[in-house]
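Engineer: Got a structure here, written out as C-alpha cells. Questions coming.
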Amino acid sequence: MKTSKKRAPTTGAGFTDEERAAMKEYLKERRAAVRPGTQDGERQVLAKIATMPAKDRALAERIHALIKATAPGLTPRTWYGMPAYSKDGQVVCFFQDAAKFKTRYATLGFSDEAKLDEGHMWPTYYALTELTPVEEARIVALVRKAVA
C-alpha cells in the first residue's frame with residue numbers, strides 16, 4: 001500500500017517559492033539597473049512598500065523616513081525585492097517585511113558594508129514588531145554608526 005508524503009513547499013534546488021521569487025526580483029533589479037530610462041530607486045522603494053500588508057507597510061514607511069532623515073547620503077533602491085539603502089552602490093541596510101518569507105516579524109538588516117563592528121561579535125539583524133520612540137532612537141543610532 002502506497003502512502004503519500006507531503007513535500008516541503010520548495011522548488012528547484014531546495015529553495016522555497018518565496019526564496020525563488022526573491023532571486024527573480026534581484027535579477028529583474030540588476031537588469032533594470034543597466035537599462036536607461038528605468039525607475040529611480042526612491043520610486044522603486046516606495047512602490048515596494050505600497051504593496052506590503054498594512055502592518056509591514058507602516059513599519060517600512062517609518063523606517064524609510066528615519067533612514068532618509070538620518071543618512072541622506074544613502075541611496076534608496078530595492079534589493080531582492082526589499083527596500084534597501086546603499087552607499088557607493090553597496091547595500092548598507094534593508095527592510096524585510098514579515099510577509100516576504102512568511103515570518104512572524106519584520107527585520108531591519110545591515111550588510112557587512114555597515115560599520116557596526118563592536119569587538120569580535122555584533123548583531124546585524126533586528127526583529128521588528130512595533131516602532132516606539134525607543135526603537136526609533138535605536139534605529140537612528142544604528143544607521144548613524146553604519147555610515148560613519
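Engineer: Identify all residues within segment 102-145 that are in a helix (DSSP H, G or I), under 16 Å from the mean Cα position of the chain (by Cα) and within 17 Å of Glu61 (Cα to Cα); write none if there are none. Show your work before the answer.
Structural biologist: First, pick out the residues of segment 102-145 that are in a helix (DSSP H, G or I): 133-145.
Next cut, under 16 Å from the mean Cα position of the chain (by Cα) only: 139, 142-143.
Matches in segment 102-145: Ile139, Val143.
Engineer: Would a scan of segment 38-56 turn up a residue that is more than 15 Å from the chain's Cα centre (by Cα), of a type in the set (S, T, N, Q) and either modelled with pLDDT under 95 or not in a helix (DSSP H, G or I) (or both)?
Structural biologist: Yes, that holds for at least one residue.
Engineer: Can you give me the number of residues within segment 84-133 that are crowded, with 16+ Cβ neighbours inside 10 Å, of a type in the set (Val, Ile, Thr) and under 20 Å from Ala21 (Cα atoms)?
Structural biologist: Going through segment 84-133 one residue at a time, the tally reaches 2.
The values are calculated or read from the model by the stated rules, or taken from the named source; none is laboratory data. Since we're looking at a predicted model, the values are computed, not measured. Note that each Cβ is placed from the backbone with ideal geometry, even for glycine, and that neighbours are counted across all protein chains shown.
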